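Here is the structure we will look at, set down as structure tokens.
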Amino acid sequence: MNTTFKNIFRTALVAAAATLTVFNASAHWNSKGPYGGSVQCISVIDTNIFVGTYNGGVFKSTTQAGTTWKYVHIGMTSGKINAVAAIGRKLLTATPDAGVFISTDLGSNWAASNSGLSNTNVQAFAVTAAGVFAGTNGGGVFMSADSGATWMAMNSGLTNMNVTSFAISGTTIYAGTAAGVFMSANGGSSWTAVNTGLTSTSITSLAVSGTQLFAATGNSVFGSPLSAISWVAAGTGLGTGNIHSLTAASGTLYAATDDGIYSSPDVSVAWTAANTGLPNDTATAAVAFNGKIYAGTKNNGLYISPVSSVGWAANNNGFNNLKTYALATLDTFVIVGATNKGVYVSKNLAATYKLSNSGLTDSLHVSSLVFDDMMLFAGTQNGGVYMSMDTGTTWMDMNAGLGSMNITAMTGTPGGKLYAATANSHVYAVMPMSGAWADVSAGLPASIAINAMAADDSIIYLSSYGSGVYKYSNGSWSPLTSGLGNMNVTSLAVLNHNVYAGTDGGGIFKFSGSSWTAVNSGLPSLNITALTVKDPYVAAAYKGGVHVSYDGGASWQVPGIELYIPTFAAPNALAFTATRIFAATPDNSYYSNAISELPTSVLEIGSQKAQGNVSIVPNPNQGSFSLHISDLQGARITGVYVYDITGKKVQQLNNSTDQQVSLPYAKGFYFIQVHTTNGSITQKVIIE
């Protein structure tokens, strides 16, 4: 390496080097809570617990105590998980919209496996010596004899194709359907209805306990001897809510219901509520294993209890599955987030959160959050605008003069004036604490659907899906559409008097005073869902990740966020603190990374920055990955090199656009630099 290049490299890194070298590679873009959320299914495999959620993918705990959770989603295109099962160390997940996904590394990576699966609305699994069975909604039963690689329909004798659940006893498999229970004693080759005694045949769950088979249907449980199926109602005392899951442990049957968990050591006698420690919430799933019962809830995450004495304790550390709607940050440490459980406030950089809804009567429907100096404002769907002067500890409404209580967007000016857009296509302005809202909608179309607002000193911009961007100046609004190639605007941001508009399908446009210009170089998606800025950065979210520009949109680089945000999630809000960037996801709470880890001028080291993309999969990795170089705009590759964090060249790679790379180096940060006839491209590699 020549001395000049090495000095440039080191100079570009020196400011961040201390931080970079102390970060654990796995810490980048990690979950920042608040924790909790919905559980759809639970599976315990060896010492690992896997939890499937309604919309947020799969979470894994490596200990049966469920102490901490890690999101395991890479490769999944759906977050709707109906079931998780194991064939040895191979995992399978069932989704209602994308079929089956398989992992061979205990959840770290997933791949779709739907060959022969003509119905991809998969609801349940069963693993037998003959193979793995998948129950679908509309396609009946499919069986795989090669561990999920290929599937074939196995529906002979099955008169209902909505298969909801399975149970196994020896070599016999039972299938619960919307029309009762079916049995197969020949590996699924044929099925026979076994419904004698059932007064309701819409089966939601099956379980085997000893010599008995149990079926949940509606809010009732039926039991039958396995030796000769004939159903009878199993006990009394269940609540009135529907039953979602049955499980058995040490001779006791447990039912997860709308009214919590019920148990019975002898279902011919009675059921009793077993909810000590559980929140008042729907119990969605229950699994017993190795002396413990794992219970999932609809809104409050996962709870664990010993079988010997039922008493539940929440175990949600890392289980980031709350729905999020809005996000605001203040200075260095304060994070405020709106979720389906209300507004959370953290005053220690997301280390801990506190529900902060006192006085915020529409706390479950907060659509926007804005800081104006130290004052915090919340716009809601049903209750108008609320103000907090103590960072969320207490709230008061401030709705005098508002023509609608459905707030769709807000922004504030440096002078302290607050602007709020409403669902009835109006914009209102107010100086907080000094009067009522004033309608300032002159010039706006009568039916414009406003979805975002941004301020540049006293000038206000708003966006609409279908109507583009409008500018408020001198007391009225006017369209700002010259050069705007896509009118489906989703988000706005202003940096250094430049306006950025994210669109659905056209990427990002930049307005610098006269006309809009598309600025999409390096963006992997043109469907932008959120924007935010902090000089010199513009950050843009899309389905599956976030890219960052540090050169005013001239180029976009990936900060690694897509490695942790699920590919099926489109972040709906972004915000910077003094030291970190935060991203809100629709179903997976918040993620964050240090600003020091965002792309900087290090990407321009060595020579003029060239056009092109460098893809490293997976990243982070253990030293082995696929390297793909594309979009070089006709340039020729002249060299591909690996550098360590100090700027030392440690390896030269092939001059090819696609190659498998193996780096035999210690854990840490490295850089792949591609030299071309038009300049260079650099991408970070994390070995963990």
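The values are calculated or read from the model by the stated rules, or taken from the named source; none is laboratory data. Owing to the predicted nature of the structure, the values given are computational and were not obtained by experimental measurement. Please note: Cβ atoms are built from the backbone with ideal geometry, for glycine as well, and neighbour counts cover all protein chains shown.
When you scan region 76-118, how many residues do you find that are in contact with a Phe, Trp or Tyr (Cβ under 8 Å, 6 or more places away or on another chain), surrounded by fewer than 16 Cβ atoms within 10 Å (Cβ to Cβ) and not polar (S, T, N, Q)?
2
Of the residues that sit in region 419-432 and are within 31 Å of the chain's Cα centre (by Cα) and of a type in the set (A, V, I, L, M, F, W, C), which one is surrounded by the fewest Cβ atoms within 10 Å (Cβ to Cβ)?
Only one residue fits best here, namely Ala423.
Among the residues of region 281-290, is there at least one that is in contact (Cβ under 8 Å) with a residue 24 or more places away in the chain and over 30 Å from the mean Cα position of the chain (by Cα)?
yes
Counting just the residues of region 521-537 that are more than 18 Å from Leu462 (Cα to Cα) and not polar (S, T, N, Q), which one comes out surrounded by the fewest Cβ atoms within 10 Å (Cβ to Cβ)?
It comes out as Asp535.
Taking strands (runs of 3 or more DSSP E) that do not extend beyond region 173-221, which have at least 3 residues that are out of contact with any Gly (no Cβ under 9 Å at 6 or more places or on another chain)?
180-184
Output the residue which, of all residues in region 584-602 that are part of a strand (DSSP E or B) and touching a Lys or Arg at 6+ places or on another chain (Cβ under 9 Å), is modelled with the highest pLDDT.
Within region 584-602, the match that is modelled with the highest pLDDT is Tyr590.
So if I check each of Ala539, Ala493, which one is closer than 19 Å to Pro586 by Cα, touching a strand residue (DSSP E or B) at 6+ places or on another chain (Cβ under 6 Å) and of a type in the set (Gly, Ala, Ser)?
None of the others qualify; the one that does is Ala539.
For region 521-555, how many residues meet the condition of being touching a Ser or Thr at 6+ places or on another chain (Cβ under 6 Å), modelled with pLDDT under 90 and in a strand (DSSP E or B)?
Summing the residues that are touching a Ser or Thr at 6+ places or on another chain (Cβ under 6 Å), modelled with pLDDT under 90 and in a strand (DSSP E or B) in region 521-555 gives 0.
For Ser478, indicate whether it is outside any strand (DSSP E or B), surrounded by fewer than 20 Cβ atoms within 10 Å (Cβ to Cβ), modelled with pLDDT of 95 or more and of a type in the set (Ser, Thr, Tyr).
no
If I filter region 227-237 for residues that are touching a Ser or Thr at 6+ places or on another chain (Cβ under 8 Å) and closer than 26 Å to Tyr54 by Cβ, do I get at least one hit?
No, every residue in region 227-237 fails to be touching a Ser or Thr at 6+ places or on another chain (Cβ under 8 Å) and closer than 26 Å to Tyr54 by Cβ.
Looking at region 613-666, what strands (runs of 3 or more DSSP E) fall wholly within it and have at least 3 residues that are in contact with a Phe, Trp or Tyr (Cβ under 8 Å, 6 or more places away or on another chain)?
637-644, 649-653
Wholly within region 42-103, which strands (runs of 3 or more DSSP E) include no fewer than the required count, namely at least 2 residues that are among the β-branched types (Val, Ile, Thr) and on the phi < 0 side of the Ramachandran plot?
Qualifying strands (runs of 3 or more DSSP E): 48-52, 83-87, 90-95, 99-103.
Is there a residue in region 107-124 that is over 19 Å from Thr164 (Cα atoms), among the aliphatic types (A, V, I, L, M) and in a strand (DSSP E or B)?
Among the residues of region 107-124, at least one is over 19 Å from Thr164 (Cα atoms), among the aliphatic types (A, V, I, L, M) and in a strand (DSSP E or B), which makes the answer yes.
Would region 565-572 turn up any residue that is assigned to a loop (DSSP other than H, G, I, E, B), closer than 23 Å to Gly56 by Cα and β-branched (Val, Ile, Thr)?
Looking for residues that are assigned to a loop (DSSP other than H, G, I, E, B), closer than 23 Å to Gly56 by Cα and β-branched (Val, Ile, Thr), one finds at least one in region 565-572, hence yes.
I'd like to verify a number: residues in region 441-467 that are part of a strand (DSSP E or B) and surrounded by fewer than 22 Cβ atoms within 10 Å (Cβ to Cβ), how many?
5
Say we look at region 500-520 and pick out the residues that are outside any strand (DSSP E or B) and out of contact with any Lys or Arg (no Cβ under 8 Å at 6 or more places or on another chain); which of these is surrounded by the most Cβ atoms within 10 Å (Cβ to Cβ)?
The residue in question is Gly507.
Which residue is nearest to Gly612 (Cα to Cα), if the candidates are limited to region 638-660 and must be of a type in the set (Val, Ile, Thr) and without any contact (Cβ under 8 Å) to a residue 40 or more places away in the chain?
Selected residue: Thr657.
The conditions are (1) touching a residue at least 60 places away in the same chain (Cβ under 8 Å); (2) surrounded by fewer than 18 Cβ atoms within 10 Å (Cβ to Cβ); (3) small (Gly, Ala, Ser), and Ser680 fails exactly one of them. Which is it?
(2)
Would you confirm whether or not region 238-259 contains a residue that is of a type in the set (Asp, Glu), in the same structural domain as Gln212 (by TED's automatic domain parsing) and under 20 Å from Val221 (Cβ atoms)?
So far as region 238-259 goes, yes, one or more of its residues are of a type in the set (Asp, Glu), in the same structural domain as Gln212 (by TED's automatic domain parsing) and under 20 Å from Val221 (Cβ atoms).
Return a yes/no flag: does region 327-341 have any residue that is in contact with an Asp or Glu (Cβ under 8 Å, 6 or more places away or on another chain), in contact (Cβ under 8 Å) with a residue 40 or more places away in the chain and basic (Lys, Arg).
No, region 327-341 contains no residue that is in contact with an Asp or Glu (Cβ under 8 Å, 6 or more places away or on another chain), in contact (Cβ under 8 Å) with a residue 40 or more places away in the chain and basic (Lys, Arg).
Considering region 275-289 alone, what residues qualify as being in a strand (DSSP E or B) and of a type in the set (S, T, N, Q)?
Thr284
Can you name every residue in region 346-369 that is surrounded by fewer than 22 Cβ atoms within 10 Å (Cβ to Cβ) and assigned to a strand (DSSP E or B)?
Lys354, Leu355, Ser367
Can you tell me which residue within region 32-58, out of those that are surrounded by 22 or more Cβ atoms within 10 Å (Cβ to Cβ) and over 19 Å from Lys80 (Cα atoms), is modelled with the lowest pLDDT?
Ranking the qualifying residues of region 32-58, first place goes to Lys32.
Ser165 - would you say it is part of a loop (DSSP other than H, G, I, E, B) and either touching a residue at least 12 places away in the same chain (Cβ under 8 Å) or out of contact with any His (no Cβ under 8 Å at 6 or more places or on another chain) (or both)?
no
List pairs: first residue in region 103-117 and in contact (Cβ under 8 Å) with a residue 40 or more places away in the chain and farther than 13 Å from Ala149 by Cα, second residue surrounded by fewer than 20 Cβ atoms within 10 Å (Cβ to Cβ) and among the polar types (S, T, N, Q) anywhere in the structure, Cβ distance under 7 angstrom, at least six positions apart or on different chains.
Listed pairs, sorted by first residue: Leu106/Asn48.
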